[in-house]
1. Over all directions, how big on average is the projection of the convex hull of the alpha-carbon atoms in segment 134-220, in square nanometres?
2. Go ahead and set up a Gaussian network model of the chain, Cα springs under 10 Å, then flag whichever of 89, 53, 22 fluctuates most.
3. Could you tell me the center-to-center distance, by alpha carbons, between segment 308-323 and segment 147-162 in angstrom?
4. Along the Cα→Cβ direction, 7 angstrom out, place labels at residue 298 and residue 63. What is the inter-label distance in nm?
5. Take the chain, connect every pair of alpha-carbon atoms lying under 10 Å apart with a spring to form a Gaussian network, then pick out the residue of 96, 165, 234 with the largest mean-square fluctuation.
6. Which value does Rg/Rh take for the chain over its C-alpha atoms, Rh per Kirkwood?
7. Sticking with the crude label model, points 7 Å out along Cα→Cβ, report the distance from residue 31 to residue 308 in nm, one decimal please.
8. When a/c reaches 1.5 or more, the comparison of a/b and b/c decides; with that in mind, is segment 154-301 rounded, prolate or oblate per its Cα gyration tensor?
Ligand code: HMG
Ligand code: MG
């Protein structure tokens, strides 16, 4: 990868769709994933092994994983497909499928040494912690310490399966229940525990979009001060207050090179009332291009997908760049 490469993790099929009330057909989800795979993106978050009682939209994630493992999805670059799995039940469901199709994906070691000439996908499982006790209780039904205990076997399970483990921390820059009162040192402490357990990467979630440039800077300063390396950090900005690109600029300046985004700006979190979507992937691709940085993603193709999927689910296209590029 070139020096100016920035990795974008496309979270549209999971974070983007999880909150939609109307059930989205399996075929539409697969079409979304297959179209995204052609744009040059290297990470796609494709589903979530969580309770269907709480997040019914993600109920067919097993079927989606099976499709990814058994049908060769065409893509110009190797792709890692990520799935949330926050507890033992989630990882059991994921691992049953992964074991059944164990020759259909690259292990982390195979992918690292560049054996990805077979066109096989890589898989990643992701846990999600919270930076505040109240959000942890709402989103995970337990306190932070208990959630960390529950993640240990999940991360361990991912390692045994030979797949990557990602760990989110939500509400790092503002909480729907505790406001701006989120301690960046606490975030760094949780991140350090998750890395210690074997997480390959920490994604810092600005779930509410309340993050500002100075607070983003301070958070990243605290992470580095706690000994956490920039290469182990991804930023996950929701754009509710329109600050996502500013916060991205600050993060880039501090050396972060991994960002989560969602095509068409799709999304929201069921446990964060009023939160809107992730920063739009089209906006990120364009912004990075203006800085001379390279995400490897075809902007026009991404803009087409944003226009298509938002129409498909009956939402306005939330990407200013996408609309401008299409003249829409
Ligand atoms: P629990 O402790 O078992 O408690 O699960 P529960 O009362 O919530 O469980 C309800 C039912 O779900 C039980 O079934 C469980 O067995 C079952 P019942 O006995 O009533 O028939 N269940 C499951 N079913 C399938 N797969 C599972 C699973 N786990 C339990 N994995 C838990 C606690 C948190 C796992 C559960 O409440 C849950 O899945 N909640 C949904 C949480 C969620 O998906 N949140 C959104 C994703 S996080 C996010 O969006 C933030 C992020 O984008 C970053 C950011 O922006 O900040 C990542
Ligand atoms: Mg999110």
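Each value in this text was obtained by applying a stated rule to the coordinates, not by laboratory testing. It should be emphasised that the depicted structure is a prediction, and the values quoted were computed from it without experimental measurement. FYI the Cβ positions are ideal-geometry reconstructions off the backbone, even for glycines, and counts take in every protein chain you see.
1. 5.5
2. 53
3. Measuring centre to centre over Cα atoms gives 36 Å.
4. For residue 298 paired with residue 63, the spin-label model returns 2.9 nm.
5. 96
6. Here the Rg-to-Rh quotient is 0.93.
7. 0.7
8. Taking the square roots of the gyration eigenvalues as a ≥ b ≥ c, segment 154-301 is rounded.
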